Structure formats: C-alpha cells, structure tokens
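The values are calculated or read from the model by the stated rules, or taken from the named source; none is laboratory data. Computed from a predicted model, the values in this text were never measured in an experiment. Cβ placement follows ideal geometry from the backbone for every residue including glycine, while neighbour counts extend to all protein chains displayed.
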Amino acid sequence: GLAADELIAVLLDQRQHWIYRAWSAMLLASRNEKAATEALFHATQRDPVQWVRRDALRSLRLLIGDLEYEICPV
C-alpha cells in the first residue's frame with residue numbers, strides 16, 4: 001500500500017487527475033495521523049473539484065468521528 005505521505009502528496013497536487021485525488025482522500029480515512037487530517041481539511045476547503053471535496057469531507061468525518069468517541073466516551 002501507499003504511505004500516508006504519498007497519498008497526501010497526490011491529494012494536494014491539483015495537477016493529478018481528480019479521480020486520483022478523490023481516491024487518495026478515501027484511502028486517507030484509514031490513516032489516523034495528524035498530517036492526514038490536516039490534508040483532508042485543506043482539500044475540503046481548497047480543491048476545485050466537488051467530488052474531491054466530498055470524498056475528503058467523508059474521510060474527515062470518519063477520522064473526527066472516531067476521535068470524538070476516543071476523547072469523550074458516552
């Protein structure tokens with residue numbers, strides 16, 4: 001598999017085809033690393049393609065949702 005930093009590089013490189021950026025966003029959902037979370041947040045705000053922003057947001061929600069339960073178990 002690809003390392004998180006490789007996925008982040010693809011996600012943030014707008015010269016890459018948007019499908020590769022969207023796939024990178026989806027794959028980053030399983031990487032519980034600060035850099036992955038920051039890259040996903042950046043993509044939700046700055047990527048010009050709606051599908052990439054959508055997939056980045058979904059992955060970010062998965063990461064933050066998991067974090068929320070780890071910090072504040074109810």
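Restricting Gln45, Gln16 to those that are of a type in the set (S, T, N, Q), modelled with pLDDT of 95 or more, surrounded by fewer than 19 Cβ atoms within 10 Å (Cβ to Cβ) and part of a helix (DSSP H, G or I) reduces the list to Gln45. Within the range 4-13, the set of residues being out of contact with any helix residue (DSSP H, G or I) (no Cβ under 8 Å at 6 or more places or on another chain) and surrounded by 14 or more Cβ atoms within 10 Å (Cβ to Cβ) comprises just one member, Ala9. Restricting attention to the range 19-31, does a residue exist that is polar (S, T, N, Q), within 17 Å of Ile64 (Cα to Cα), modelled with pLDDT under 95 and part of a loop (DSSP other than H, G, I, E, B)? No; the residues of the range 19-31 include none that is polar (S, T, N, Q), within 17 Å of Ile64 (Cα to Cα), modelled with pLDDT under 95 and part of a loop (DSSP other than H, G, I, E, B). Of everything in the range 23-35 that is of a type outside the set (S, T, N, Q) and surrounded by fewer than 24 Cβ atoms within 10 Å (Cβ to Cβ), the residue that is nearest to Gly1 (Cα to Cα) is Leu27. Answer with yes or no whether Leu63 is modelled with pLDDT of 95 or more and within 13 Å of the chain's Cα centre (by Cα). Here the answer is no, as Leu63 does not meet what is asked.
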